[in-house]
Amino acid sequence: MSEDCPAPAEIWDLASGTLDADRARAVALHVADCRSCREAAALAREVLPPRSSSFRTAWWTAAAAAVAAVALGAWFWRAPEPAVAPIFRLDAAPTIESLGAPGDPVLRWTPIEGATYAVTLARADLTVLEVRGGLAVPELAVPPGILAPGEPLLWQVVARTADGRTIRSRTFRVARE
């Protein structure tokens, strides 16, 4: 990887789908042209669990319904009657954020009620060191000696909620002492 390459954490976030759209586009364009970044992205995709086909099916169903609604609305278009605009409220999906302090040997993150967690630990070059699953509490002690002193540790949490949803954190980076 060269100085122009995105950080390994961004490649990891691109592969896991947690990178914001504008940055994802820029990183994807770079990955398409850079062999070492393309290999890192392929490795990240291999390590990450596959996204469920139900997500893709739900997305395509929602997209088709939206197109049908717009087409039907255009067909029956009438001038709207003056009214008070409705207020829509959607529950925001919970997010996972790091709560640990620098140098703390225990990784901590925001809890999600009723969830179990899996944590992936990796080197800065995206080499996976360990994957721990089935965690009931939002913390994991970093195994001693897993990295050389000063070597950065990348980690990512996947929460599985009681209702079957999967919530993936962005990739966090800590320097081990």
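The values are calculated or read from the model by the stated rules, or taken from the named source; none is laboratory data. The model shown is predicted, which means the values in this text are computed figures rather than measured ones. Heads up, the Cβs are rebuilt from the backbone with ideal geometry, glycines too, and the neighbour counts pull from every protein chain shown. Side chains are part of the model used for accessible areas, which takes the heavy atoms of the whole protein and leaves out ligands, DNA and RNA. Shrake-Rupley method; radii C 1.70, N 1.55, O 1.52, S 1.80 Å.
A few remarks follow.
- Where strands (runs of 3 or more DSSP E) fall wholly inside the range 91-150, the ranges with 1 or more residues that are closer than 21 Å to Glu10 by Cβ are 106-108, 116-122, 128-135.
- Residue list for the range 6-28, filter: open to solvent by less than 40 Å² (accessible area, probe 1.4 Å), touching a Lys or Arg at 6+ places or on another chain (Cβ under 8 Å) and assigned to a helix (DSSP H, G or I): Ala9, Asp13, Ala15, Ser16
- The range 143-165, subset touching a strand residue (DSSP E or B) at 6+ places or on another chain (Cβ under 6 Å) and not aliphatic (A, V, I, L, M), residue farthest from Leu126 (Cα to Cα): Arg160
- Within the range 29-48, the only residue that satisfies the criterion of being surrounded by fewer than 17 Cβ atoms within 10 Å (Cβ to Cβ) and touching a Cys at 6+ places or on another chain (Cβ under 9 Å) is Ser36.
- Residues of the range 161-171 classified as outside any strand (DSSP E or B) and open to solvent by less than 30 Å² (accessible area, probe 1.4 Å), total: 3
- Out of Val128, Val174, Val158, one residue alone is touching a residue at least 24 places away in the same chain (Cβ under 8 Å) and surrounded by fewer than 17 Cβ atoms within 10 Å (Cβ to Cβ). It is Val128.
- Which numbered condition Ala64 misses (of (1) within 27 Å of Leu140 (Cβ to Cβ); (2) modelled with pLDDT under 75): (1)
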